[in-house]
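> Let me begin by handing over the structure; questions about it come next.
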Amino acid sequence: MNNEKVSVIIPALNAADTLAEAVASVINGTHKHLEILIVDDYSTDDTGKIGGEFAQQDSRIQYFRNPQTYGVSKSRNLMISRATGEYVAFLDSDDTWEPNKLEVCLNMLRDNPEVKAVAHALRYLDKRGNKLSYVPTYPTTQAQMQEIKETGESPWVFPSSVVVDRSILLQEGGFAEDWQVGEDTELFTKIAQKHGLLASKEPLGNYRIRGNSLTDKHWLKKRIAADCVKENQQRRLRGEKELSLGEYEQICFKNLPLLKRLNKFREVLALHYMRKVGQSLLNREVVPILIYGIATTVLNPVATVNKWKWMKSQEKLSNQPTEGLRHSTELTPQRQSQIRGFS
């Protein structure tokens, strides 16, 4: 399996300050049979210069520049069509991988031939580049994967953690280009339900916390998109026609009675502020922690208490050695009895 070619797709928009670190984390990995496709989404900084220099230095790296800003979904889809590897891995231009990321993921695919996609846990990177905390992932067992197939539950994975069979990406049509946010959740949920997805508990990558991400800018659309994914999962299981994002937004949000719509907005805003609290904690920003913490508590006190309990439970994982988080036994089909014990 280590001889299999992996196409690594890195979309970049004004990423001059982080692109080199992202690419280096791939080049310095233990798996060498790869191609790296950098797609510059019409940046106005030195992203193009950095990407071009990498392409000149390493024949495995290709640099492309969009003639205008297409967005991350179309940029990724263009590279999927150009990719020549049997597997495709995604890496955001401000994230990084651990050296053994591809090696572990390819071994997981080898050990689980019924699975067409794998992923892994992450660690957060603060704005200074320090590795902090632990980002859990789901599903990590065969039982959990089966639950997704039967109930329509969405997996909890980030694009920078996913490695998937390229033929499946082509079969499913790639990322939805008309979704401004949530397109990754939509695609990976479909793949998990229809083709199987398993994740390692080992943090094989690092996710950078930024306050100007698309999720932060379009937090309401992100939540509506996530709810749309859940609705379509249920419709797919029932054999019903799926809704477009626009249809779902109209039916399940805009057409709600005023009080229900305001309550929905309150819940979503509380979730957004919770995310901001988490970002501020990781970056040690005291004032934003207080502001967003108070706002979250006022909007949804019960959810705030539950979130703090969850965060405390994650502290043990954050401090646990990497060796204690490896996927090994619970992802190997030959050890199903152990898998059931972990589920």
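The values are calculated or read from the model by the stated rules, or taken from the named source; none is laboratory data. Bear in mind the structure is a predicted one, so any value in this text is a computation, not a measurement. As a convention, Cβ positions derive from the backbone with ideal geometry for all residues, glycine included, and neighbour counts pool all protein chains shown. SASA here: full protein model, heavy atoms, side chains in, ligands and nucleic acids out. Shrake-Rupley method; radii C 1.70, N 1.55, O 1.52, S 1.80 Å.
> Collect residues whose amide H, placed 1.01 Å from N in the peptide plane, falls under 5 Å from the amide H of Y42; neighbours closer than 5 in sequence don't count.
N66
> Same structure, new question: So how much slack lies between V287 and R210, counting 0.36 nm per residue of separation and subtracting their Cα-Cα distance, in nm?
26.1 nm is the gain from fully extending V287 to R210.
> Sticking with this one: Count the DSSP beta bridges whose two residues both fall in the stretch 119-271, then state the antiparallel fraction as a percent rounded to the nearest 5.
Of the beta bridges lying entirely in the stretch 119-271, close to 35 percent run antiparallel.
> Further, regarding this structure: At 1.4 Å probe size, what's the solvent-accessible area of S59? Round to the nearest 10 Å².
Counting only protein heavy atoms, S59 exposes about 120 Å² to solvent.
> Using Cα-Cα distances under 8 Å and only pairs 6 or more residues apart, what relative contact order does the stretch 133-289 have, in percent?
It rounds to 25 percent for the stretch 133-289.
> Still on this structure, I have one more. Using the Kirkwood formula over every pair of different C-alpha atoms, what hydrodynamic radius in Å results for the chain?
Here the Kirkwood hydrodynamic radius works out to 21.0 Å.
> Something else: Over the chain, calculate the relative contact order: mean separation of alpha carbon pairs under 8 Å at least 6 apart, over the residue count, as a percent.
18
> Convert 4 °C to kelvin, take the viscosity as 1.567 mPa s, use the Kirkwood radius over C-alpha pairs of the stretch 113-167 as Rh, and evaluate the Stokes-Einstein diffusion coefficient in µm²/s, rounded to a whole number.
D, rounded to a whole number, is 101 µm²/s.
> Please figure out what share of the DSSP beta bridges in the chain is antiparallel and state it in percent, rounded to the nearest 5.
Roughly 30 percent of the beta bridges in the chain run antiparallel, per DSSP.
> Rounded to two decimals, what ratio of Rg to Rh does the stretch 35-138 give with C-alpha atoms and a Kirkwood Rh?
Looking at the stretch 35-138, the ratio lands at 0.99.
> Quote the charge dipole size of the chain about the Cα centre in Debye, to the nearest 20; the model charges only the Cβ of Lys and Arg (+1) and of Asp and Glu (-1).
The calculation lands at about 1060 debye.
> While we're looking at this one, here's another question. Which pairs break 32 Å Cα to Cα here: K131/K260; K116/K221; K32/K131?
K131/K260
> If the chain between T84 and N306 were fully stretched, how many nm would it gain, using 0.36 nm times the residue separation less the Cα-Cα distance?
Full-extension gain reported as 75.4 nm.
> While we're here: Please go through the stretch 34-105 and write out the trypsin sites (Lys or Arg not before Pro) that DSSP classes as loop and that have at most 11 other C-beta atoms within 10 Å.
none
> While we're looking at this one, here's another question. Would you check the accessible area of T84, probe 1.4 Å, heavy atoms only, in square angstrom rounded to 10?
Only protein atoms counted, so the area is about 90 Å².
> Got a sec? Charge dipole of the stretch 133-248, +1 on Cβ for Lys and Arg, -1 for Asp and Glu; which of I148, L169, W219 is way out at the positive end?
About the Cα centre, the residue reaching furthest to the positive side is W219.
> Would you mind classifying the stretch 219-285 by shape? Square roots of the alpha carbon gyration tensor eigenvalues, ordered a ≥ b ≥ c; an a/c under 1.5 is rounded, otherwise it is prolate if a/b is larger than b/c and oblate if not.
Because a/c hits 1.5 or more and a/b fails to exceed b/c, the stretch 219-285 counts as oblate.
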